[in-house]
Protein chains: 2
Amino acid sequence: MLKFTSHYKSTQNSQAIMDSALATIKEERDSKKVGYYNLPQDSLVNLERVEALELGDISQVVVIGIGGSSLGIKAIESILNPYTPNAKEMLFLENSDPITILDTLSKIKKEEACFFMISKSGSTIEATSIFKTLIAHLDLDLDGADNKRVFAITDKGSVLSDFAQHHKLEEFTIPDNVGGRFSVLSAVGVVPLAIAGYDMKKLLLGAGEFVESFFDGKENHLLEKAVYLYEQSSIQSINVLFSYADRLEDLTKWYVQLWGESLGKIDTHQKNVGLTPIGLIGAVDQHSFLQLIIEGPKDKNVTFITIEDFQKELVIPDITLKGIEKTNFINNKSFNTLINAQAEATLQSVVESDIDADAISLDSVTAENIGALIVYYELLTSLVGALFEVNTYNQPGVELGKVILYKNLEN
Amino acid sequence: MLKFTSHYKSTQNSQAIMDSALATIKEERDSKKVGYYNLPQDSLVNLERVEALELGDISQVVVIGIGGSSLGIKAIESILNPYTPNAKEMLFLENSDPITILDTLSKIKKEEACFFMISKSGSTIEATSIFKTLIAHLDLDLDGADNKRVFAITDKGSVLSDFAQHHKLEEFTIPDNVGGRFSVLSAVGVVPLAIAGYDMKKLLLGAGEFVESFFDGKENHLLEKAVYLYEQSSIQSINVLFSYADRLEDLTKWYVQLWGESLGKIDTHQKNVGLTPIGLIGAVDQHSFLQLIIEGPKDKNVTFITIEDFQKELVIPDITLKGIEKTNFINNKSFNTLINAQAEATLQSVVESDIDADAISLDSVTAENIGALIVYYELLTSLVGALFEVNTYNQPGVELGKVILYKNLEN
């Protein structure tokens, strides 16, 4: 269960604007121009294929991918891991940093690992460079001994798909109408995470129920929030996501990509628009970024995410530290209580400082809740994108750097 | 060696403004109102004390602290670790997250560990709660067997200092005129990192040389940058730090605290001022945040940090992936070359998109370079703070949340 609470200053949400945003994304869904709305159902077939795989005794799942091909997978693994007994180790090869690649390579146990090469276009420079290195370093025999443990996840007809067919590698397809940063519930996330032992069926179920509930008109808070964020955007141009759990950090990174890359665009009127996402972790960032929120320019609003019940008991013992007796009030309380009290106090201090805030509370960490949280943010992004009149699903701004890179390196 | 390159649009820097900012921080230093300027020299005594310690065979350094009592330590450990053979393992207990605390507790080998309780005020709620838990969980005998392996780093006369004296624990003092987020070169960072095997003498040397060079008038680029950031601040309110090395991520987090908490203030004219820091990692965040920089609102400028020579060779093998031949141009090049080419191409694409950028290049990762980089950002922060007419060194905005927390929890 997710609980949504808003502390926005009272505002008259225009019903017409809400209707228009909703109509836009309904049309995206119904026309199948945008495919992520249906992934919770469409992706079930991937789980069936996973069950049919004969992988033998593997203990590691190695993912080669970057951006939309890794952020969502890491987000789900990180938060669900403490609640998933016997989950297999996941290793991520993302960045072109030689130190990290060497370190990760040293951890791979070739005979116990399966490998996912994930790239929507099929030719992402980081992923292909790392894949070549992996082949050489581990002496992978793609046509022989290792053929059944190397997988490709890519667009239909991509160069990676050609490669997979050449070596007769098992291949999973990313639907054409699903962009990279909206792809975590496609094969991209579902297949490696299911193999690693995460309950992706329940996660898809939670996601599907939320999408259905939204289109059934039962999640109007989401429409109201989208319109509010849009209407305040000329002043409140920064959206802070303040998550009170260390293991939500990767989810905030996934949010930063989704929000920043989807909305930061040249709109239909040739104007540079967008909202700047910031991911914070509580209580840590109360000691870092909070001062700026409270006393800095009033250009930010804040969403708090909390977990009501961490389901891991750790009580602060009844010890008096000689000299520091004033902290005794915390004795016999749990860290679960402390971190949530910190979230609540920080929320109150933000609201009292006249800064807009809202809150999302998960009753506990379950696959269903994480699935719902993922589609919540995807739907919110699509709605705000519709209001901004941008193409929410492309990223033309990153092409120039790629062109320059190829030119510089080929010379 | 650090190399600084600016791609700012030509501007007339006012000499008078530069002089006034410089005069302000010179006065802070000379009057000893602000103490961090002298830490590179003043902190050497901490290294002498470390050498005199008899710790026996320890393999772990456990740090209990949050915010300014952990961010800088983590930043230095993270980047220097691959270049520091035989460094001891460092474990950080920061957040009030029960999952993380339980996980870290399970890794501590009591007989091989030494413990640093770090808190400027001495009563930080996260640190004291965790310290109590540690005492109970490990059955620490503070007055007996474990007395020589538990240390306090805190302000003179703080409640933690009282506690340390009561148990006759070895104590290191944070100078009164050094704020938490400027304290990494005090005992806070120097002592645990030196014990863990990091060359803090060289780091202090690099820091000291840079501070001296600056006050000798040899780093005028820093003054020019401060004035430029200040003069552009009403439009460019977001300062992105884009670091091209995974292990610089903790340094970007340290920067976010330093910049956000120092400058986000109510100024002398009762105005909410400040600049919003964002830390990115390249090439990863080219696939996430870059789109927003290029096509979104023109409210950002970007500083690129690169490492010329990672001193770890990893060459992309000369392998042709059937179907993906178009990536062959990268074969036989190193990842070191690739990641720096990506940084350069991204910088060019940003500048061509009419966005202000500058670059800091480290010839390699050395303790001296990291020391210089740290004081570079501290000096920049002080200069911009002087221009904004704020108190750069306090954080009054976070007090309200603490008051509410105490009130809520005591009821």
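What follows draws every value from the coordinates through simple rules; no lab data is involved. All figures in this text were calculated on a predicted structure; none of them were measured in a lab. As a convention, Cβ positions derive from the backbone with ideal geometry for all residues, glycine included, and neighbour counts pool all protein chains shown.
Numerical summary
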quantity: Per-residue average of Cβ from other chains inside 10 Å of A:256-264; calculated: 6
quantity: Residues in region B:49-76 that a label on residue B:201 would reach, taking backbone N under 15 Å of a point 7 Å out along Cα→Cβ; calculated: B:49-53
quantity: Structure-based [θ]222 nm, chain B - -39500 (n - 2.57) summed over DSSP H runs of at least 4, per residue, nearest 500; calculated: -13500 deg cm²/dmol
quantity: Residue order, fewest to most beta carbons within 10 Å, for B:66, A:235, A:125; calculated: A:235, A:125, B:66
quantity: Cα gyration tensor shape of the protein assembly as shown, rounded if a/c is under 1.5, else prolate or oblate by comparing a/b with b/c; calculated: rounded
quantity: Partner chain coverage, peptide B:246-253 - average Cβ within 10 angstrom; calculated: 2
quantity: R0 of 45 Å, Cβ-Cβ distance residue A:33-residue A:337: FRET efficiency to nearest 0.05; calculated: 0.45
quantity: Cross-link pairs beyond the 30 Å C-alpha cut-off, checked among A:33/A:271; B:9/B:265; A:156/B:326; A:202/B:107; A:132/A:402; A:132/A:156; calculated: A:202/B:107
quantity: Charge dipole magnitude, Cβ of K and R +1, D and E -1 - chain A, Cα centre, debye nearest 20; calculated: 420 debye
quantity: Computed over chain B: relative contact order in percent, which uses C-alpha pairs under 8 Å that are six or more apart; calculated: 23 percent
quantity: Amide H partners (placed H, <5 Å) of residue A:172, local residues excluded; calculated: A:152, A:153, A:154
quantity: Magnitude of the charge dipole, the protein assembly as shown, Cβ model with Lys/Arg +1 and Asp/Glu -1, debye to 20; calculated: 380 debye
quantity: Considering only chain B, percent of DSSP beta bridges that pair antiparallel, nearest 5; calculated: 15 percent
quantity: Estimated distance in nm for a label pair at residue B:3 and residue B:352, the labels positioned 7 Å out from Cα along Cα-to-Cβ; calculated: 2.2 nm
quantity: Longest segment of chain B lacking trypsin sites (Lys or Arg not before Pro) that sit in a DSSP loop with at most 15 other Cβ atoms within 10 Å; calculated: B:334-411
quantity: Inter-part distance where region B:49-105 and region B:205-278 are each reduced to a Cα centre, Å; calculated: 26 Å
quantity: Candidate aspartates and glutamates for bridging to residue A:109, where Cα separation is under 17 Å - those fewer than 8 sequence places away on the same chain excluded; calculated: A:57, A:89, A:139, A:141, A:146
quantity: At most 11 other Cβ within 10 Å, DSSP loop - chymotrypsin sites (Phe, Trp or Tyr not before Pro), region A:277-315; calculated: none
quantity: Of all DSSP beta bridges in the protein assembly as shown, antiparallel share, percent nearest 5; calculated: 15 percent
quantity: Intensity falloff of region B:34-198 expressed as log10 I(q)/I(0), Debye formula with alpha-carbon point scatterers, at q = 0.18, 0.20 Å⁻¹; calculated: -1.16, -1.49
quantity: GluC sites (Glu not before Pro) within region B:325-411: DSSP coil, no more than 16 neighbouring Cβ in 10 Å; calculated: B:389
quantity: Shortest-first distances to equivalent copies, position residue B:87, nm, label 7 Å out along Cβ; calculated: 2.7
quantity: Least to most buried among A:209, A:219 (fewest other Cβ within 10 Å first); calculated: A:209, A:219
quantity: DSSP beta bridges in region B:207-307 [antiparallel fraction, %, rounded to 5]; calculated: 15 percent
quantity: Gyration tensor (alpha-carbon) shape descriptor, region A:141-243, a/c threshold 1.5; calculated: prolate
quantity: Residue-averaged beta-carbon neighbours from other chains (10 angstrom radius) around B:63-74; calculated: 2
quantity: Contact order relative to length of region A:34-198, as percent, for alpha carbon pairs under 8 angstrom and 6 or more apart; calculated: 34 percent
quantity: Axial C-alpha extent at least 18 Å, average Kyte-Doolittle at least -1.0 - helices from chain B (DSSP); calculated: B:15-30, B:125-138, B:200-215, B:249-263, B:335-352, B:367-388
quantity: Kirkwood-Stokes translational diffusion coefficient of region A:170-298, alpha-carbon pairs, 25 °C, 0.890 mPa s, µm²/s; calculated: 141 µm²/s
quantity: Dipole moment magnitude, nearest 20 debye, region A:114-237 about Cα centre, only Lys, Arg, Asp, Glu C-beta charged; calculated: 120 debye
quantity: Three-way shape call for region B:273-378 based on the alpha-carbon gyration tensor, with the a/c threshold at 1.5; calculated: oblate
